[in-house]
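Colleague: One structure follows; several queries about it will come next.
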Amino acid sequence: MKSLLLGVNKKRLLETIKVSSSIGSSEKGGLNRLALTEEDKMMRDVFVQWLHEEGLDVRFDDFGNIYGRRKGKIIDSPAVAVGSHLDTQPCGGRYDGILGVLTALEVIRVLNENNIETDYPIEIINFTNEEGARFAPPMLGSGGVSEEFTKDFIYSTMDDNEISFQEALREIGYLGDRRHRLKNVRSFIELHIEQGPILGNENKSIGIVEGIQGMSWLSVKVTGETNHAGPTPMENRKDALVPSAKMISKVNEITKKIDGLKTTVGKVNVKPNVANVIPGEVDFMIDIRHKDDEVRSYAIERLKEQLSTIALMNDLEVTITTDWHSDAVRFSPVVTDAIKEAADKWGYSSIKLFSGPGHDAKYMNKIAGSGMIFLPSIHGISHNEDELTLDDDIEKGANVLLYVIRKLANN
Ligand SMILES: [Zn+2]
């Protein structure tokens, strides 16, 4: 057996990324390759051709997810799946999930040219509409396969021009068959850029992603009384804004006392929002994230308590509702341990971390033990034309991915 420290072909991998970077490229050096557009179709066509060139069994399912299957030695055994997404934001970068798909392709190429067989089959995947930029919500392809969303729901989502997901999928010729959906899979691995500053700050090459943070959106409505700014004495006011400001700083204060908690108040509406009128109503939203769902629930209770107290002290009414939430995801230790081992054997520095944003692996984890490899994003910039991951880091990530796939695809 070839050493597990077999490396990828860096030059070839960078050439492949360069081809991707030329499809849907924007003036400022980024990409505009929205899901199921003409640009997405062009990229898909090239990708499918690459899969055929590697002798893979290529198919696409009823959500347009593209698969390339490489046979394993054990007949009918569960596959090791690897991939991410080739679609981008309208002013997106060249790396994002694209690296996850193209490094997986490089892994297949290395296995093929070295005649390396694996016990289990390997499935390389490009998921449809991960970004959610054209069709919301994000991660519709992986959400479809994992049955997080129903087919009806996915097919009926519309873009801004009232074109449905189903129509767009048919239009570009990637409306495949339900029978082709991914099944019988033992593990899923996704390589992706970090989209945050931790790897850069800690000076580490490989992020071992242990899971995805849970998240809640709370909607807070503070009701006072609208009145004229001139005649109303200060002691007779029921100003909704001043106590709301206290509430927002309280949110920040509580957050700092709870390890790992992140809260953001990014949206505030003041009514009537006129210079000489005392604000009668304020609405704001709190985005709350933590890797531990119990800590997030505890924090929400504390916030509700404290905000209600401030409202009471100011003779105002407050209602706090949870608009939406998503529980934390814990990835499979089988996968995360393999990533750690790979980084150590290669001598690359690594760190365990949690993902802030969601990824295809979040939904894939429902059907197979999953894990993610993060690579450094310079200055933590992503969903931006200036997004950058260095060539050396890409090579390291691909080497780790190759090791992990060989490890997981063998008995
Ligand atoms: Zn992505």
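Colleague: Among Val295, Thr309, Gly224, which residue has its Cα positioned farthest towards the positive end of the charge dipole of the stretch 214-326, with +1 placed on the Cβ of Lys and Arg, -1 on the Cβ of Asp and Glu, and the dipole taken about the Cα centre?
Modeller: Val295
Colleague: Counting other beta carbons within 10 Å of each residue's own, what order do Phe188, Phe135, Phe284, Phe63 fall into, fewest first?
Modeller: On the way: Phe188 30, Phe135 24, Phe284 20, Phe63 27.
Least crowded to most crowded, the residues run Phe284, Phe135, Phe63, Phe188.
Colleague: In terms of modelled amide H atoms, which long-range or inter-chain residues lie less than 5 Å from the amide H of Asn227?
Modeller: Distant-sequence amide H within range of Asn227: Ile278.
Colleague: Sticking with this structure for a sec: Using 0.36 nm per residue of separation minus the Cα-Cα distance, give me the extension gain between Glu53 and Val19 in nm, one decimal. List each step's numbers first, then the result.
Modeller: Details: separation 34, 0.36 × 34 = 12.24 nm, distance 1.58 nm.
Gain in length upon complete extension: 10.7 nm.
Colleague: When the chain is treated as a GNM, springs tying every alpha-carbon pair under 10 Å, which of Gly72, Gly230, Gly347 comes out with the largest mean-square fluctuation?
Modeller: Of the options given, Gly230 has the highest mean-square fluctuation.
Colleague: Near Lys340, which aspartates and glutamates are there with a Cα under 18 Å away, not counting those fewer than 8 places off in the same chain?
Modeller: Cross-link targets: Glu190, Glu194, Glu202, Glu210, Asp393, Glu395.
Colleague: Another one. Could you give each residue of the stretch 100-112 its phi-based ³J(HN,Hα) in whole Hz, using Karplus coefficients 6.51, -1.76, 1.60 with θ = phi - 60°, and x for Gly or Pro?
Modeller: Karplus-based 3J(HN,Hα) across the stretch 100-112 equals x, 7, 6, 5, 5, 4, 4, 4, 4, 4, 5, 4, 5 Hz.
Colleague: Using each residue's phi in the stretch 24-36, evaluate 6.51 cos²θ - 1.76 cosθ + 1.60 at θ = phi - 60° and report the 3J(HN,Hα) Karplus result to the nearest Hz, with x for Gly and Pro.
Modeller: Going residue by residue, I get x, 6, 9, 4, 8, x, x, 10, 10, 10, 5, 4, 6 Hz, with x marking Gly and Pro.
Colleague: With the cut-off at 1.5 for a/c, could you classify the stretch 1-73 from its C-alpha gyration tensor as rounded, prolate or oblate? Intermediate values should be presented prior to the final figure.
Modeller: Numbers: a/c = 2.95, a/b = 1.31, b/c = 2.24.
Verdict is oblate for the stretch 1-73.
Colleague: Separate question: Mean separation of Cα pairs under 8 Å and 6+ residues apart, divided by the residue count of the stretch 1-150: what relative contact order is that in percent?
Modeller: Dividing the mean separation by the residue count of the stretch 1-150 yields 27 percent.
Colleague: To the nearest 10 degrees, how steep is helix 38-53 against the longest Cα principal axis of the chain, on a 0 to 90 scale?
Modeller: Relative to the chain, helix 38-53 is tipped by roughly 30 degrees.
Colleague: At 7 Å along the Cα-to-beta-carbon direction for both Asn9 and Asn227, put a label point, then send me their distance in nm to one decimal.
Modeller: Taking the simple label geometry, Asn9 and Asn227 are separated by 7.8 nm.
Colleague: Also: Which shape class, rounded, prolate or oblate, goes with the stretch 84-164 when its Cα gyration tensor gives a ≥ b ≥ c as root eigenvalues, a/c under 1.5 marks rounded, and past that a/b bigger than b/c marks prolate? Don't jump to the answer; show the numbers that get you there.
Modeller: Details: a/c = 4.02, a/b = 1.81, b/c = 2.21.
Note, shape of the stretch 84-164 comes out oblate.
Colleague: Another question, if that's okay. Say the dipole of the chain comes from +1 at the beta carbon of Lys and Arg and -1 at that of Asp and Glu; which of Ile98, Phe127, Val334 then lies farthest toward its positive end?
Modeller: Val334
Colleague: Could you give the size of the charge dipole of the chain about its Cα centre, using +1 on the Cβ of each K and R and -1 on the Cβ of each D and E, expressed in debye and rounded to the nearest 20?
Modeller: I would put it at about 960 debye.
Colleague: Below 8 Å between Cα atoms, with a sequence gap of 6+, how large is the relative contact order for the chain in percent? All intermediate terms of the calculation are to be shown ahead of the outcome.
Modeller: On the way: 908 pairs, mean separation 96.8, N = 411.
It rounds to 24 percent for the chain.
Colleague: Then there is this: Once a ≥ b ≥ c are taken as the square roots of the eigenvalues of the Cα gyration tensor of the chain, is the result rounded (a/c under 1.5), prolate (a/b larger than b/c) or oblate (a/b not larger than b/c)?
Modeller: Details: a/c = 2.34, a/b = 1.91, b/c = 1.23.
Here the chain falls in the prolate category.
Colleague: Right, here's the next one. Can you give the helix-only mean residue ellipticity at 222 nm for the chain, where every DSSP H stretch with n ≥ 4 adds -39500 (n - 2.57) and the sum goes over all residues, rounded to the nearest 500 deg cm²/dmol? Write down the numbers at each step before the final one.
Modeller: Numbers: 12 runs with 143 residues, N = 411.
It lands at -11000 deg cm²/dmol.
Colleague: Which ordering of His85, His383 is given by a fewest-first count of other beta-carbon atoms within 10 Å? Don't skip to the end; give the middle numbers.
Modeller: On the way: His85 28, His383 17.
Least crowded to most crowded, the residues run His383, His85.
Colleague: Give me a comma-separated list of calculated 3J(HN,Hα) values for the stretch 327-342, in order, Karplus coefficients 6.51, -1.76, 1.60 applied at θ = phi - 60°, integers in Hz, x for any Gly or Pro.
Modeller: Values, residue by residue: 6, 5, 10, 10, 6, 6, x, 4, 6, 5, 5, 5, 5, 4, 4, 4 Hz.
Colleague: Please list, or write none, the aspartates and glutamates whose alpha carbon is within less than 15 Å of the alpha carbon of Lys256, excluding same-chain residues fewer than 8 places away.
Modeller: Asp287
Colleague: Okay, moving on. Output the relative contact order of the stretch 214-326, whole-number percent, from Cα pairs under 8 angstrom with separation of 6+ residues.
Modeller: Working: 213 pairs, mean separation 51.8, N = 113.
Relative CO of the stretch 214-326 lands at 46 percent.
Colleague: Among the aspartates and glutamates, which fall within straight-line cross-link reach of Lys73, defined as a Cα-Cα distance under 12 Å, with same-chain neighbours fewer than 8 residues apart omitted?
Modeller: Leaving aside aspartates and glutamates fewer than 8 places away in the same chain, those within reach of Lys73 are Glu117, Asp119.
Colleague: Taking the Cα centre of the stretch 214-326 as origin, work out the dipole magnitude from +1 charges on Lys and Arg Cβ and -1 charges on Asp and Glu Cβ, in debye rounded to 20. Could the numbers behind the result be given before it?
Modeller: Values: 15 positive and 16 negative charges, 61 e Å.
Value, rounded to 20: 300 debye.
Colleague: Okay, moving on. Residue separation times 0.36 nm, minus the C-alpha to C-alpha distance between Thr264 and Lys183: what's the value? All intermediate terms of the calculation are to be shown ahead of the outcome.
Modeller: On the way: separation 81, 0.36 × 81 = 29.16 nm, distance 3.85 nm.
Here the answer is 25.3 nm.
Colleague: Could you size up the charge dipole of the stretch 134-184 around its Cα centre, putting +1 on the beta carbon of Lys and Arg and -1 on that of Asp and Glu, and report it in debye to the nearest 20? Please report the intermediate quantities before stating the final value.
Modeller: Values: 7 positive and 9 negative charges, 80 e Å.
Here the size comes out at about 380 debye.
Colleague: Now for a different question. Residues in the stretch 200-236, backbone N under 17 Å from the label point at Ala275 (7 Å along the Cα-to-beta-carbon vector): list them, ranges by number please.
Modeller: Output list for this probe position: 228-231.
Colleague: Between Asp293 and Ala136, with labels modelled 7 Å along Cα→Cβ, what's the label distance in nm to one decimal, could you check?
Modeller: It is 2.5 nm.
Colleague: Next question, about the same structure. Given Gly30, Met215, Phe63, which one lies farthest toward the positive end of the charge dipole of the chain, if we put +1 on the Cβ of every Lys and Arg and -1 on the Cβ of every Asp and Glu?
Modeller: Met215
Colleague: May I pose another question? Which residues among the stretch 180-222 fall inside the zone where the amide N is under 14 Å from a point 7 Å beyond the Cα of Val334, along Cα→Cβ?
Modeller: 184-189
Colleague: I would also like to ask the following. Can you give the extra length, in nm with one decimal, that the chain gains between Asp392 and Ser77 once fully stretched, where that is 0.36 nm per residue apart less the Cα-Cα distance? Mind showing how you got there, number by number?
Modeller: On the way: separation 315, 0.36 × 315 = 113.40 nm, distance 3.49 nm.
Gain in length upon complete extension: 109.9 nm.
Colleague: Tell me, Asp344, Asp293 in order of fewest to most beta-carbon neighbours within 10 Å? All intermediate terms of the calculation are to be shown ahead of the outcome.
Modeller: On the way: Asp344 12, Asp293 15.
Ascending number of Cβ neighbours within 10 Å: Asp344, Asp293.
Colleague: Need one number: nm distance between label points at Lys345 and Trp217, each 7 Å from Cα along Cα→Cβ, rounded to one decimal.
Modeller: Between Lys345 and Trp217, the simple spin-label model gives 4.3 nm.
Colleague: Mind checking which of Ser350, Ser377, Ser219 has the largest fluctuation in a GNM of the chain, springs on alpha carbons under 10 Å?
Modeller: Answer for the Gaussian network model of the chain: Ser219.
Rule-based calculations on the coordinates, nothing more; no lab input. Being a predicted model, the structure only gives us computed values, none of them experimental. In this analysis, Cβ positions are derived from the backbone assuming ideal geometry, glycine residues included, and neighbour counts consider all displayed protein chains.
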